[in-house]
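This report concerns only the one structure given below.
The values are calculated or read from the model by the stated rules, or taken from the named source; none is laboratory data. It should be emphasised that the depicted structure is a prediction, and the values quoted were computed from it without experimental measurement. For neighbour counting, all protein chains shown are included, and Cβ atoms are generated from backbone atoms with ideal geometry for every residue, glycine included. When the accessible area is computed, the model is the full protein with side chains, heavy atoms only, and any ligands, DNA or RNA have been set aside. Shrake-Rupley method; radii C 1.70, N 1.55, O 1.52, S 1.80 Å.
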Amino acid sequence: MNLQPEPIIVATAVFIFCCGAAGVALRKNPIGLLMSVELMINAAILVLVLGSRVHGNPMGQTVALLVLVLGAAEAVVGLALALAVFRRRAVVDVDAPQEIRG
Amino acid sequence: MLPLVPVVVCCALAALTGIGVIALRRPVYVAVALLGHSLSLAALYLAMSAQFSAAAQTLIYSGAIVVLFLIVVALLPSGGAEQTSWPRMAAGAVVLVAMLAGLATAVLASGLAHANREVFSVEQVGAPLFAELLLPFELTAPLLLAAIVAAIALWRRQESRPTADDEGARP
């Protein structure tokens, strides 16, 4: 059986992305939900780095760096929102807050 | 040609820790699983000879984001296990199966080119930041600034609720 590394990596990225999407649907805890989103971002970065290698172009790794920064900003704002909701009410459920007012 | 054994080991570790992120109950365990996931991905980048991406993944993800998650988990009022309901687990399973089917079909239809033997230096990776990707690169600065300002604004709005005289009386 001829086992190539590149399809294994792509399959892993697909699996990680689907795990993240399932976690977003599964989680009640906003922290766990944000971590699932991080899983999806990680899968996207993995595909970008693999594409950079397969196509012989350094642009993929550069875009992966930008996506990494995007993930950091998303985590900061999401965690701040989660903490702000948690301080008002000790409910560990993202569906519980029915209204968000500015 | 990529080395097969390290790639397989790192992929298995990344997939297992990914399952751990969505399956574990306690937030601290989930954060540790995310840390293992990030580190195994960094090892996978090293096996793919993408050293810059491995360093960035280790420093930014493992060093900054996961630690931020751990700090927030420690700050939370209730760090106990979450109760998951059956409809929620069914929804998660449906999403997992449907997206796996769709993405696997798309990937199988696309096919992969053969890998080149190229290893990119940091200089080669960084050069597009000042040429083709200059605008997205510059836009990350206001993005990060907006994220910092938003986080501080959300926090300070909560802090200003109690009156000034009981400041320091309660944590």
Given (1) hydrophobic (A, V, I, L, M, F, W, C); (2) at the interface with another protein chain (Cβ under 7 Å from one of its Cβ atoms); (3) open to solvent by less than 10 Å² (accessible area, probe 1.4 Å); (4) assigned to a helix (DSSP H, G or I), index of the condition B:Leu2 fails
(4)
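I need a count of the residues in segment A:30-49 that are within 7 Å of chain B (Cβ to nearest Cβ), more than 8 Å from the chain's Cα centre (by Cα) and over 17 Å from A:Phe86 (Cα atoms). Quick ask: steps written out before the conclusion?
From segment A:30-49, those within 7 Å of chain B (Cβ to nearest Cβ) are A:31-32, A:35-36, A:38-39, A:42, A:46, A:49; that's our starting set.
Next, from what is left, pick out any that are more than 8 Å from the chain's Cα centre (by Cα): A:31-32, A:46, A:49.
Retained after the next criterion (residues that are over 17 Å from A:Phe86 (Cα atoms)): A:46, A:49.
Number satisfying all stated conditions: 2.
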Which one of these is out of contact with any His (no Cβ under 7 Å at 6 or more places or on another chain), open to solvent by 10 Å² or more (accessible area, probe 1.4 Å), touching a residue at least 24 places away in the same chain (Cβ under 8 Å) and more than 9 Å from every other protein chain (Cβ to nearest Cβ): B:Leu39, B:Leu59, B:Leu13?
B:Leu13
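When segment A:34-71 is examined, which residues are found to be in a helix (DSSP H, G or I) and farther than 26 Å from B:Leu96 by Cβ? Explain how you work it out, then say what you get.
We begin by selecting, within segment A:34-71, every residue in a helix (DSSP H, G or I); these are A:34-54, A:59-71.
Within segment A:34-71, A:Ser52, A:Arg53, A:Val54, A:Met59, A:Gly60, A:Gln61, A:Thr62, A:Val63, A:Leu65, A:Leu66, A:Val69 qualify.
Would you pick out the residues in segment B:42-56 that are within 13 Å of the chain's Cα centre (by Cα) and facing another protein chain (nearest Cβ under 9 Å)? Spell out how you get there, then give the answer.
Initial filter on segment B:42-56 (within 13 Å of the chain's Cα centre (by Cα)): B:42, B:56.
Within segment B:42-56, just B:Ala56 meets the criteria.
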